[in-house]
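Worksheet: the structure to be examined is printed underneath.
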Amino acid sequence: MSAHLSYGRVNLNILREAARKELREFLDKCAGSKAIVWDEYLTGPFGLIAQYSLLKEHEVEKMFTLKGGRLPAADVKNIIFFVRPRLELMDIIAENHKLRVSTECVHQYAVVGGNRVDFLAFMCIECYLESDQTSLYHTAKGLMTLQALYGTIPQIFGKGECARHVANMMLRMKREFAGSQTQILPVFDSLLLLDRNIDLLTPLATQLTYEGLIDEVYGITNGYAKLPPEKFAAQKKQGEVGKDLPTEPKKMQLNSAEELYAEIRDKNFNAIGAALSKKAKIISAAFEERHNAKTVGEIKQFVSQLPHMQAARSSLANHTSIAELIKDITTSEAFFDNLTVEQEFMTGVDTDKVNTYIEDCIAQKDPLIKILRLVCMQSVCNNGLKQKILDYYKREILQTYGYEHMLTLNNLEKTGLLKPQTSTRNNYPTIRKTLKLWMEDANEQNPNDISYVYSGYAPLSIRLTQVLARPGWRSIEEVLKMLPGPHFEERQQLPAGLHKKRQQGENRTTLVFFLGGVTYAEVAALRFLSQMEDGGTEYIIATTKLINGTSWIKSLMDRPEAP
């Protein structure tokens, strides 16, 4: 299941195995039979490092979901709670414990906080809303764990306030544990810390890669997507005409362990049809080979390849169905109109006036998150909105969707996504031109630039990463000053004898850490840079959370259940 993590220059299975080891050691500290009570939010992330079989090997006999009231009966010696460090969850645990102790024999209890960044990923949006740096501390601690496994990272680059804080914490931790450095030859040449706050535009834009659109439309959580079941219903046999179609969503795992998904996940959606058609011809030709198998040896060889061929055919059928589902949306007038307005904002068209499309969407009471994404995008591309325009949008939103959303609008202002214009100067056109953030006629089929992931728009965060590698940030000093927060470079002293000797033509390896979330389209753009023949750098991506515009705005909403 995790073999694909071992591919490439950085063996990511080392990190997974370290987390599994830590989990096993913790479970073994609680001698005897165990029941685990899960914070439901954590079951998915923990599933990435350990299946039930591992827990069972360490005497876990029962598992429950954390909820109020009395815990179900469990004849075990230990009850372990795996939870996030949230006050409301502590109240539920206290209630569970009180009811159980008052009615049954006393058990041994353990509470585990699930906020380790090397175990799990959480968004650090509280840094902007509440000036809470707890998540930054856990990020720094996680990066120190990473260095213990992969060696000290010689160079640290960064941009943004949160990036500066994380780097400072890392350097302080390194000084505090100066005598306990691991003697490991560094795997990474450099670390780039990017604060989400320096590029608020990219997550608001609609992702146009295959994987990005699956996330936009259906959501991808812990490597799984839940899809409409009717497209995946097995062909009915004769006599089953009246049989009901499945009603439960189809849960599909999406990662590079699947050969076809690894090939198409980062492609622009407009290139998916041709890619699937090509794959179908290859699979069909492979099955036709059975007619050419004459000898016993040839037949045996064909039979040995059959399981892989059948798996490939099943994979093709699944992704053809997903592509059809997404195409129904991307070919709709509503999707086209929304994308047109986004691209107008990104190219600087009419960002300084009330947008008629947004007005119409509010009048039709389209989903609030859609409205907020567009209004925030207009604000970001215009360096804020004129007070009169901002007040108009706010009034229309509150009157249409309810005054309870005042707190949501306030949160958007705190994070800088929605703000009044304080200066007549708009830096975005200069940034766009200097960094070539908009590329006309982006090649979607055979891309030659990262802008293909948004069909014209090159993500600012990735362009900064690209320029850092070559020719360096000194070439864009003026642009960097226009973006929020400091930019910096730090060097970490390596233990004697661990300086890396680079072979001629060997690529550098850079770990890019996004503080505050990253989109699948940005990940695709970084993979594209890694694969460029003259790129010279291989990128490994880490983040506090995988996000899209909807999930990002929702995390800032006071009432996220709103339409």
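When T139, T145 are checked against the criterion of being at pLDDT 90 or above, closer than 22 Å to L48 by Cβ and touching a helix residue (DSSP H, G or I) at 6+ places or on another chain (Cβ under 6 Å), a single residue qualifies: T139. In the range 405-423, the qualifying residues are those that are without any contact (Cβ under 8 Å) to a residue 60 or more places away in the chain and polar (S, T, N, Q), and the one that is most open to solvent (accessible area, probe 1.4 Å) is T422.
When restricted to residues that are more than 18 Å from G497 (Cα to Cα), open to solvent by 10 Å² or more (accessible area, probe 1.4 Å) and not aliphatic (A, V, I, L, M), the range 163-195 contains 8. The residues of the range 364-394 that are in contact (Cβ under 8 Å) with a residue 24 or more places away in the chain and either more than 20 Å from P203 (Cα to Cα) or exposed (fewer than 15 other Cβ atoms within 10 Å of the Cβ) (or both), listed by number, are K365, P367, K386, Q387, I389, L390, Y392, Y393.
Here's the yes/no breakdown for (1) touching a helix residue (DSSP H, G or I) at 6+ places or on another chain (Cβ under 6 Å); (2) at pLDDT 95 or above:
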| site | (1), (2) |
| --- | --- |
| L185 | no, no |
| L200 | yes, yes |
| L208 | yes, yes |
| G212 | yes, yes |
| E216 | no, yes |
| E230 | no, no |
| K236 | no, no |
| G239 | no, no |
| L245 | yes, no |
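Does the range 480-499 contain at least one residue that is open to solvent by less than 70 Å² (accessible area, probe 1.4 Å), more than 30 Å from K433 (Cα to Cα) and either β-branched (V, I, T) or within 30 Å of the chain's Cα centre (by Cα) (or both)? Yes, that holds for at least one residue. Among the residues of the range 395-404, is any in a helix (DSSP H, G or I), under 21 Å from L480 (Cα atoms) and either open to solvent by less than 50 Å² (accessible area, probe 1.4 Å) or out of contact with any Pro (no Cβ under 6 Å at 6 or more places or on another chain) (or both)? No: the range 395-404 contains no residue that is in a helix (DSSP H, G or I), under 21 Å from L480 (Cα atoms) and either open to solvent by less than 50 Å² (accessible area, probe 1.4 Å) or out of contact with any Pro (no Cβ under 6 Å at 6 or more places or on another chain) (or both). Restricting the range 66-111 to residues that are β-branched (V, I, T) and at pLDDT 60 or above, which is nearest to W38 (Cα to Cα)? Looking at residues that are β-branched (V, I, T) and at pLDDT 60 or above, I get V83.
Residues in the range 524-541 that are in contact (Cβ under 8 Å) with a residue 60 or more places away in the chain and out of contact with any helix residue (DSSP H, G or I) (no Cβ under 8 Å at 6 or more places or on another chain) were compared, and the one that is most open to solvent (accessible area, probe 1.4 Å) is R527.
Filtered by the rule that a residue be assigned to a loop (DSSP other than H, G, I, E, B) and either within 23 Å of I369 (Cα to Cα) or in contact with a Lys or Arg (Cβ under 6 Å, 6 or more places away or on another chain) (or both), the range 216-232 gives Y218, G219, N222, P228.
Confirm whether D350 is at pLDDT below 95 and either open to solvent by 10 Å² or more (accessible area, probe 1.4 Å) or in contact with a Cys (Cβ under 9 Å, 6 or more places away or on another chain) (or both).
yes
Checking every residue in the range 468-486 against the condition of being part of a helix (DSSP H, G or I), out of contact with any Phe, Trp or Tyr (no Cβ under 7 Å at 6 or more places or on another chain) and acidic (D, E) gives at least one match. Looking only at residues of the range 32-54 that are touching a Lys or Arg at 6+ places or on another chain (Cβ under 8 Å) and not in a loop (DSSP other than H, G, I, E, B), we find that the one that is most open to solvent (accessible area, probe 1.4 Å) is Y41. Scan the range 290-303 and tell me whether some residue there is in a loop (DSSP other than H, G, I, E, B), open to solvent by less than 40 Å² (accessible area, probe 1.4 Å), in contact with a Phe, Trp or Tyr (Cβ under 7 Å, 6 or more places away or on another chain) and small (G, A, S). Within the range 290-303 (the criterion being in a loop (DSSP other than H, G, I, E, B), open to solvent by less than 40 Å² (accessible area, probe 1.4 Å), in contact with a Phe, Trp or Tyr (Cβ under 7 Å, 6 or more places away or on another chain) and small (G, A, S)), the answer is yes, since at least one residue qualifies.
Residue-by-condition table, conditions (1) surrounded by fewer than 22 Cβ atoms within 10 Å (Cβ to Cβ); (2) over 25 Å from the mean Cα position of the chain (by Cα):
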{"residue": "D449", "(1), (2)": "yes, no"}
{"residue": "I462", "(1), (2)": "no, no"}
{"residue": "R474", "(1), (2)": "yes, yes"}
{"residue": "T510", "(1), (2)": "no, no"}
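The values are calculated or read from the model by the stated rules, or taken from the named source; none is laboratory data. Here the structure is a predicted model, which is why all the values come from computation and not from measurement. Because the Cβ atoms are built from the backbone with ideal geometry, glycine has one as well, and the counts that use them run over all protein chains shown. Remember, those area values only see protein heavy atoms, side chains included, never the ligands or the DNA or RNA. Shrake-Rupley method; radii C 1.70, N 1.55, O 1.52, S 1.80 Å.
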